[in-house]
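Undergrad: Quick one: the structure is below, questions incoming.
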(Lines give C-alpha, C1' and ligand atoms only; values in the text may rest on other atoms or scores of the structure.)
Protein backbone atom coordinates (compact mmCIF):
# COMPACT_ATOMS: atom_id res chain seq x y z
CA UNK A 1 0.00 0.00 0.00
CA UNK A 2 1.44 3.37 -0.99
CA UNK A 3 0.74 5.87 1.79
CA UNK A 4 2.59 8.66 -0.04
CA UNK A 5 -0.59 9.43 -1.99
CA UNK A 6 -2.78 9.82 1.08
CA UNK A 7 -3.51 13.52 1.51
CA UNK A 8 -6.71 14.99 2.92
CA UNK A 9 -7.82 16.68 -0.32
CA UNK A 10 -7.58 13.36 -2.17
CA UNK A 11 -9.33 11.37 0.56
CA UNK A 12 -12.15 13.83 1.32
CA UNK A 13 -14.57 12.84 -1.51
CA UNK A 14 -14.24 9.18 -0.60
CA UNK A 15 -14.59 9.86 3.12
CA UNK A 16 -17.88 11.58 2.29
CA UNK A 17 -19.01 8.71 0.08
CA UNK A 18 -18.10 6.12 2.71
CA UNK A 19 -19.89 8.10 5.41
CA UNK A 20 -23.06 8.45 3.34
CA UNK A 21 -23.03 4.81 2.21
CA UNK A 22 -22.60 3.51 5.76
CA UNK A 23 -25.35 5.78 7.14
CA UNK A 24 -27.74 4.25 4.60
CA UNK A 25 -26.47 0.71 5.21
CA UNK A 26 -26.55 0.99 8.99
CA UNK A 27 -30.09 2.37 8.99
CA UNK A 28 -31.61 0.20 6.24
CA UNK A 29 -29.44 -2.94 6.26
CA UNK A 30 -28.23 -2.57 2.66
CA UNK A 31 -26.59 -0.39 -0.01
CA UNK A 32 -23.01 0.16 1.27
CA UNK A 33 -21.54 -2.20 -1.32
CA UNK A 34 -23.83 -0.92 -4.07
CA UNK A 35 -22.94 2.74 -3.48
CA UNK A 36 -19.22 2.13 -3.05
CA UNK A 37 -18.94 -0.31 -5.96
CA UNK A 38 -20.70 2.19 -8.22
CA UNK A 39 -18.29 4.93 -7.17
CA UNK A 40 -15.15 2.83 -7.60
CA UNK A 41 -16.16 1.34 -10.96
CA UNK A 42 -18.06 4.20 -12.62
CA UNK A 43 -16.11 7.18 -11.23
CA UNK A 44 -12.65 5.89 -10.32
CA UNK A 45 -12.53 3.30 -13.10
CA UNK A 46 -11.41 0.29 -11.07
CA UNK A 47 -12.05 -3.18 -12.54
CA UNK A 48 -15.19 -4.75 -10.97
CA UNK A 49 -13.26 -7.59 -9.28
CA UNK A 50 -10.77 -5.16 -7.72
CA UNK A 51 -13.57 -2.83 -6.59
CA UNK A 52 -15.44 -5.75 -5.01
CA UNK A 53 -12.31 -6.87 -3.17
CA UNK A 54 -11.63 -3.37 -1.82
CA UNK A 55 -15.24 -2.86 -0.71
CA UNK A 56 -15.30 -6.21 1.11
CA UNK A 57 -12.10 -5.28 2.97
CA UNK A 58 -13.65 -1.95 4.00
CA UNK A 59 -16.88 -3.69 5.04
CA UNK A 60 -14.95 -5.93 7.43
CA UNK A 61 -14.25 -2.87 9.56
CA UNK A 62 -17.54 -1.03 9.08
CA UNK A 63 -19.70 -4.09 9.78
CA UNK A 64 -17.73 -4.84 12.95
CA UNK A 65 -18.44 -1.37 14.35
CA UNK A 66 -22.01 -1.42 13.01
CA UNK A 67 -22.66 -4.81 14.61
CA UNK A 68 -21.39 -3.61 17.99
CA UNK A 69 -23.50 -0.47 17.70
CA UNK A 70 -26.63 -2.47 16.89
CA UNK A 71 -25.92 -4.76 19.86
CA UNK A 72 -25.64 -1.78 22.19
CA UNK A 73 -28.87 -0.34 20.73
CA UNK A 74 -30.73 -3.63 21.28
CA UNK A 75 -31.39 -4.22 17.57
CA UNK A 76 -30.21 -7.85 17.38
CA UNK A 77 -32.41 -10.96 17.49
CA UNK A 78 -30.08 -13.66 18.86
CA UNK A 79 -32.09 -16.56 17.48
CA UNK A 80 -32.23 -15.04 14.01
CA UNK A 81 -28.52 -14.22 14.24
CA UNK A 82 -27.58 -17.86 14.82
CA UNK A 83 -29.91 -19.10 12.08
CA UNK A 84 -28.25 -16.79 9.53
CA UNK A 85 -24.64 -17.15 10.66
CA UNK A 86 -23.69 -20.67 9.54
CA UNK A 87 -25.62 -20.66 6.22
CA UNK A 88 -24.17 -17.22 5.42
CA UNK A 89 -20.66 -18.46 6.15
CA UNK A 90 -21.13 -21.56 3.99
CA UNK A 91 -22.60 -19.52 1.14
CA UNK A 92 -19.77 -16.98 1.31
CA UNK A 93 -17.04 -19.62 1.29
CA UNK A 94 -18.70 -21.45 -1.60
CA UNK A 95 -19.16 -18.26 -3.61
CA UNK A 96 -15.55 -17.20 -3.07
CA UNK A 97 -14.31 -20.65 -4.10
CA UNK A 98 -16.38 -20.69 -7.30
CA UNK A 99 -15.70 -17.06 -8.20
CA UNK A 100 -12.85 -17.95 -10.55
CA UNK A 101 -14.84 -20.68 -12.30
CA UNK A 102 -18.33 -19.18 -12.75
CA UNK A 103 -19.17 -15.79 -14.20
CA UNK A 104 -21.41 -14.12 -11.63
CA UNK A 105 -22.52 -11.58 -14.25
CA UNK A 106 -24.59 -14.29 -15.98
CA UNK A 107 -27.06 -14.56 -13.12
CA UNK A 108 -26.84 -10.95 -11.98
CA UNK A 109 -29.68 -9.60 -14.20
CA UNK A 110 -32.07 -12.26 -12.89
CA UNK A 111 -31.19 -11.52 -9.26
CA UNK A 112 -31.56 -7.77 -9.80
CA UNK A 113 -34.90 -8.27 -11.55
CA UNK A 114 -36.10 -10.24 -8.53
CA UNK A 115 -34.88 -7.51 -6.17
CA UNK A 116 -36.72 -4.85 -8.16
CA UNK A 117 -39.97 -6.76 -7.59
CA UNK A 118 -39.20 -7.16 -3.87
CA UNK A 119 -38.38 -3.45 -3.57
CA UNK A 120 -41.66 -2.41 -5.19
CA UNK A 121 -43.57 -4.85 -2.97
CA UNK A 122 -41.96 -3.46 0.20
CA UNK A 123 -42.61 0.11 -0.94
CA UNK A 124 -46.32 -0.56 -1.59
CA UNK A 125 -46.63 -2.60 1.61
CA UNK A 126 -45.11 0.20 3.65
CA UNK A 127 -47.43 2.81 2.14
CA UNK A 128 -50.73 0.90 2.09
CA UNK A 129 -50.54 -1.81 4.73
CA UNK A 130 -49.44 -1.27 8.34
CA UNK A 131 -46.92 -4.09 8.89
CA UNK A 132 -47.66 -6.88 11.34
CA UNK A 133 -44.65 -8.35 13.15
CA UNK A 134 -44.30 -12.11 12.60
CA UNK A 135 -41.68 -14.79 13.14
CA UNK A 136 -39.78 -15.69 9.94
CA UNK A 137 -40.37 -19.13 8.41
CA UNK A 138 -37.59 -19.12 5.80
CA UNK A 139 -34.19 -18.06 7.19
CA UNK A 140 -31.38 -20.54 6.54
CA UNK A 141 -31.82 -20.61 2.73
CA UNK A 142 -31.69 -16.80 2.70
CA UNK A 143 -28.37 -16.87 4.55
CA UNK A 144 -26.96 -19.45 2.17
CA UNK A 145 -28.09 -17.65 -1.01
CA UNK A 146 -27.25 -14.18 0.32
CA UNK A 147 -23.73 -15.23 1.31
CA UNK A 148 -23.13 -16.97 -2.01
CA UNK A 149 -24.33 -14.02 -4.14
CA UNK A 150 -22.43 -11.53 -2.00
CA UNK A 151 -19.15 -13.34 -2.63
CA UNK A 152 -19.87 -13.97 -6.31
CA UNK A 153 -21.11 -10.52 -7.26
CA UNK A 154 -19.57 -8.11 -4.76
CA UNK A 155 -22.88 -7.44 -3.05
CA UNK A 156 -26.23 -9.00 -2.30
CA UNK A 157 -26.25 -9.99 1.36
CA UNK A 158 -28.24 -6.96 2.55
CA UNK A 159 -30.71 -6.74 -0.34
CA UNK A 160 -31.42 -10.50 -0.42
CA UNK A 161 -31.62 -11.19 3.33
CA UNK A 162 -32.98 -7.90 4.64
CA UNK A 163 -35.71 -7.53 2.03
CA UNK A 164 -36.94 -11.12 2.34
CA UNK A 165 -37.05 -11.06 6.13
CA UNK A 166 -39.06 -7.83 5.94
CA UNK A 167 -41.45 -9.47 3.49
CA UNK A 168 -41.96 -12.25 6.06
CA UNK A 169 -43.00 -9.64 8.64
CA UNK A 170 -39.97 -9.52 10.96
CA UNK A 171 -39.59 -6.32 12.99
CA UNK A 172 -37.53 -3.96 10.76
CA UNK A 173 -35.04 -2.74 13.35
CA UNK A 174 -34.31 -6.34 14.40
CA UNK A 175 -33.82 -7.31 10.77
CA UNK A 176 -31.42 -4.44 10.11
CA UNK A 177 -29.43 -4.96 13.30
CA UNK A 178 -29.17 -8.73 12.94
CA UNK A 179 -28.35 -8.76 9.23
CA UNK A 180 -25.68 -6.09 9.72
CA UNK A 181 -24.12 -8.06 12.57
CA UNK A 182 -23.97 -11.35 10.69
CA UNK A 183 -22.50 -9.49 7.71
CA UNK A 184 -19.28 -8.90 9.66
CA UNK A 185 -18.51 -12.62 9.70
CA UNK A 186 -19.46 -12.92 6.04
CA UNK A 187 -17.26 -10.04 4.89
CA UNK A 188 -14.38 -11.30 7.03
CA UNK A 189 -14.57 -14.65 5.24
CA UNK A 190 -14.90 -13.20 1.75
CA UNK A 191 -12.17 -10.60 2.39
CA UNK A 192 -9.76 -13.32 3.50
CA UNK A 193 -10.38 -15.15 0.22
CA UNK A 194 -9.80 -11.98 -1.79
CA UNK A 195 -6.60 -11.15 0.12
CA UNK A 196 -5.21 -14.62 -0.52
CA UNK A 197 -5.88 -14.29 -4.25
CA UNK A 198 -5.27 -10.58 -4.86
CA UNK A 199 -3.07 -9.37 -2.02
CA UNK A 200 -3.15 -5.94 -0.39
CA UNK A 201 -0.84 -4.08 -2.78
CA UNK A 202 -3.75 -2.45 -4.62
CA UNK A 203 -5.54 -1.27 -1.49
CA UNK A 204 -6.35 2.01 -3.19
CA UNK A 205 -6.49 5.58 -1.92
CA UNK A 206 -10.23 5.59 -2.62
CA UNK A 207 -10.71 2.57 -0.38
CA UNK A 208 -8.80 4.17 2.50
CA UNK A 209 -11.15 7.16 2.26
CA UNK A 210 -14.21 4.91 2.15
CA UNK A 211 -12.90 3.08 5.21
CA UNK A 212 -12.45 6.28 7.22
CA UNK A 213 -15.90 7.60 6.30
CA UNK A 214 -17.59 4.25 6.85
CA UNK A 215 -16.06 3.72 10.29
CA UNK A 216 -17.05 7.25 11.33
CA UNK A 217 -20.67 6.70 10.26
CA UNK A 218 -21.22 3.16 11.57
CA UNK A 219 -22.54 4.06 15.06
CA UNK A 220 -25.06 6.58 13.66
CA UNK A 221 -26.78 4.03 11.41
CA UNK A 222 -27.66 1.84 14.40
CA UNK A 223 -29.21 4.79 16.23
CA UNK A 224 -31.25 5.72 13.15
CA UNK A 225 -32.50 2.14 12.72
CA UNK A 226 -33.78 2.17 16.29
CA UNK A 227 -35.54 5.52 16.00
CA UNK A 228 -37.04 5.45 12.49
CA UNK A 229 -40.70 4.28 12.62
CA UNK A 230 -41.42 0.85 11.15
CA UNK A 231 -43.64 2.18 8.36
CA UNK A 232 -41.04 4.74 7.29
CA UNK A 233 -38.27 2.15 7.43
CA UNK A 234 -40.18 -0.18 5.11
CA UNK A 235 -40.78 2.64 2.63
CA UNK A 236 -37.11 3.67 2.72
CA UNK A 237 -35.88 0.10 2.24
CA UNK A 238 -38.28 -0.43 -0.66
CA UNK A 239 -37.21 2.82 -2.30
CA UNK A 240 -33.46 2.26 -1.94
CA UNK A 241 -33.71 -1.38 -3.04
CA UNK A 242 -35.80 -0.52 -6.10
CA UNK A 243 -33.58 2.37 -7.25
CA UNK A 244 -30.28 0.55 -6.78
CA UNK A 245 -31.59 -2.66 -8.35
CA UNK A 246 -32.99 -0.85 -11.40
CA UNK A 247 -29.66 0.93 -11.86
CA UNK A 248 -27.73 -2.33 -11.51
CA UNK A 249 -30.13 -4.16 -13.86
CA UNK A 250 -29.69 -1.52 -16.56
CA UNK A 251 -25.90 -1.66 -16.25
CA UNK A 252 -25.87 -5.48 -16.26
CA UNK A 253 -28.07 -5.74 -19.36
CA UNK A 254 -26.86 -2.81 -21.45
CA UNK A 255 -23.17 -2.51 -20.53
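Undergrad: Let me confirm something: among 31, 49, 42, which residue is out of contact with any strand residue (DSSP E or B) (no Cβ under 6 Å at 6 or more places or on another chain), surrounded by 19 or more Cβ atoms within 10 Å (Cβ to Cβ) and either over 29 Å from residue 246 (Cα atoms) or at pLDDT below 80 (or both)?
TA: None of the other options fit; the residue is 31.
Undergrad: Let me ask something else about it. State whether one or more residues within the range 129-142 are modelled with pLDDT under 80, over 18 Å from residue 25 (Cα atoms) and part of a helix (DSSP H, G or I).
TA: No: zero hits.
Undergrad: Is one or more of the residues making up the range 113-127 farther than 18 Å from residue 168 by Cα, modelled with pLDDT of 75 or more, surrounded by fewer than 18 Cβ atoms within 10 Å (Cβ to Cβ) and touching a helix residue (DSSP H, G or I) at 6+ places or on another chain (Cβ under 7 Å)?
TA: Taking every residue of the range 113-127 in turn, at least one turns out to be farther than 18 Å from residue 168 by Cα, modelled with pLDDT of 75 or more, surrounded by fewer than 18 Cβ atoms within 10 Å (Cβ to Cβ) and touching a helix residue (DSSP H, G or I) at 6+ places or on another chain (Cβ under 7 Å).
Undergrad: Being over 21 Å from residue 76 (Cβ atoms) and either modelled with pLDDT under 80 or assigned to a helix (DSSP H, G or I) (or both) narrows it down to one residue among 175, 182, 237, 246; which is it?
TA: From the options 175, 182, 237, 246, the qualifying one is 246.
Undergrad: Here is a follow-up. Limited to the range 72-112, what total is found for residues that are part of a helix (DSSP H, G or I) and either within 18 Å of the chain's Cα centre (by Cα) or modelled with pLDDT under 85 (or both)?
TA: Residues that pass the stated criteria total 25.
Undergrad: May I ask you to say which residue of 213, 155 is within 30 Å of residue 12 (Cβ to Cβ) and at pLDDT 80 or above?
TA: 213
The values are calculated or read from the model by the stated rules, or taken from the named source; none is laboratory data. Computed from a prediction, not measured in an experiment: that's the story for all the values here. Positions of Cβ are generated from backbone atoms using ideal geometry, with glycine treated the same way; all protein chains shown enter the neighbour counts.
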